[in-house]
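The values are calculated or read from the model by the stated rules, or taken from the named source; none is laboratory data. Since the structure is predicted, the reported quantities are computational estimates derived from the model, not experimental observations. Here the Cβ positions follow ideal geometry from the backbone for every residue, glycine too, while neighbour counts run over all protein chains shown. The area values use the complete protein model at the heavy-atom level, side chains included, leaving out ligands, DNA and RNA. Shrake-Rupley method; radii C 1.70, N 1.55, O 1.52, S 1.80 Å.
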Amino acid sequence: RSFARSLARSLVRQVMWAYAITGGEAIVAIAQVACEYEGADLTSAQCFYPATGGMWKAILIFGGAQLALSQVRNLEEAWWVSIFGTIGSILYSLIALVLGMAHADNGLGSVGGTTGSSAAEKTFQILNGFGSIAFAYNFAQILPEIQSTLRQPPSAIRTMTKVSSIAITSAYVFYIWVAVAGYASLGASVQPIILQSFCGPNWAIMLAQISILLHMLSGGY
C-alpha cells in the first residue's frame with residue numbers, strides 16, 4: 001500500500017508540473033498574440049518572451065492563481081471551476097479541429113508515417129503518442145473523490161461506471177479526430193501542443209490559448 005501511495009503521489013506531482021508548464025506556455029502565447037496586435041516588440045520582456053525570462057514569470061503567475069483557487073475548501077464549492085475547465089477544453093479542442101481540417105489539404109501527413117525515419121525513431125514517436133494519450137486521461141486520479149459525493153441509491157460504483165464509459169468514449173472520438181486533422185495538415189511538424197503549430201487567425205489562437213489556460217487552472221486545482 002505504501003508503494004501504491006508513493007506512486008500515486010509521484011504521478012500527481014508530475015501531472016501538476018505538466019499543468020504548470022502548459023499554463024505558463026498559454027500565458028506566454030496570449031502575451032505574444034496581444035503584443036502582435038499592438039505592434040510591440042515580441043522579444044521584449046513585457047511580451048513574456050521566453051529568452052527574457054517570460055516563461056518562469058508566466059509559471060509564477062499561474063502558480064499564484066492556483067494558490068488562490070486552493071483556498072476553496074472542497075470540490076462541492078468549486079463546481080464552477082469544473083464548468084470553466086470543461087468549456088475551455090471543448091473550445092480549444094474544437095478550434096484545433098477546425099484549423100486542422102481547414103489546412104488538411106496540405107497533405108503533409110501520411111499513413112506510412114514520417115518519411116526518412118528509421119523503425120526505431122517511429123517506434124519512439126508512437127510511444128510518445130501513447131504518453132500524450134495517457135496524459136489526456138489523468139482525471140482518473142480524482143474519480144474516487146467525485147464518486148464519494150454522489151447520492152445513493154443507485155450505487156455510486158454503477159453510476160460512475162456508466163458515466164465514465166460515456167465520457168471516455170466521447171472524449172476519445174473527439175480527440176482522435178483532432179489528432180487526425182492535425183497530422184493530416186501538418187504531418188511530423190505538428191507540435192506537442194497542436195495549437196502552437198498554426199499561425200492564425202490570431203483571434204482564434206488567442207481564444208484557444210485562453211481556453212487552454214482555463215483548462216489548466218481547473219485541472220491543476
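Could you check how many residues of region 18-48 are touching a Leu at 6+ places or on another chain (Cβ under 8 Å) and loosely packed, with under 14 Cβ neighbours inside 10 Å?
Summing the residues that are touching a Leu at 6+ places or on another chain (Cβ under 8 Å) and loosely packed, with under 14 Cβ neighbours inside 10 Å in region 18-48 gives 0.
Just need a number here: residues in region 197-206 that are assigned to a helix (DSSP H, G or I) and buried (at least 16 other Cβ atoms within 10 Å of the Cβ).
Residues in region 197-206 being assigned to a helix (DSSP H, G or I) and buried (at least 16 other Cβ atoms within 10 Å of the Cβ): 4 in total.
Go through (1) at pLDDT below 75; (2) exposed (fewer than 11 other Cβ atoms within 10 Å of the Cβ) for ALA120 and report which single condition fails.
Going through (1) at pLDDT below 75; (2) exposed (fewer than 11 other Cβ atoms within 10 Å of the Cβ) one by one, ALA120 breaks only (1).
Considering only residues of region 129-162 that are closer than 30 Å to ILE21 by Cα and β-branched (Val, Ile, Thr), which is modelled with the lowest pLDDT?
ILE142
For the structure I just gave you, tell me whether SER211 is of a type outside the set (A, V, I, L, M, F, W, C), buried (at least 16 other Cβ atoms within 10 Å of the Cβ), closer than 26 Å to ALA65 by Cβ and at pLDDT below 85.
It is false that SER211 is of a type outside the set (A, V, I, L, M, F, W, C), buried (at least 16 other Cβ atoms within 10 Å of the Cβ), closer than 26 Å to ALA65 by Cβ and at pLDDT below 85.
Among the candidates GLY100, GLY109, which residue alone is in a loop (DSSP other than H, G, I, E, B) and touching a residue at least 40 places away in the same chain (Cβ under 8 Å)?
After applying the criteria, what remains is GLY109.
Give all pairs with beta carbons closer than 6 Å in which a residue from region 30-51 that is within 17 Å of PRO201 (Cβ to Cβ) meets a residue that is open to solvent by 50 Å² or more (accessible area, probe 1.4 Å); count only pairs at least 6 apart in sequence or on separate chains.
Close Cβ pairs satisfying both conditions: GLN32/LEU42; CYS35/LEU42.
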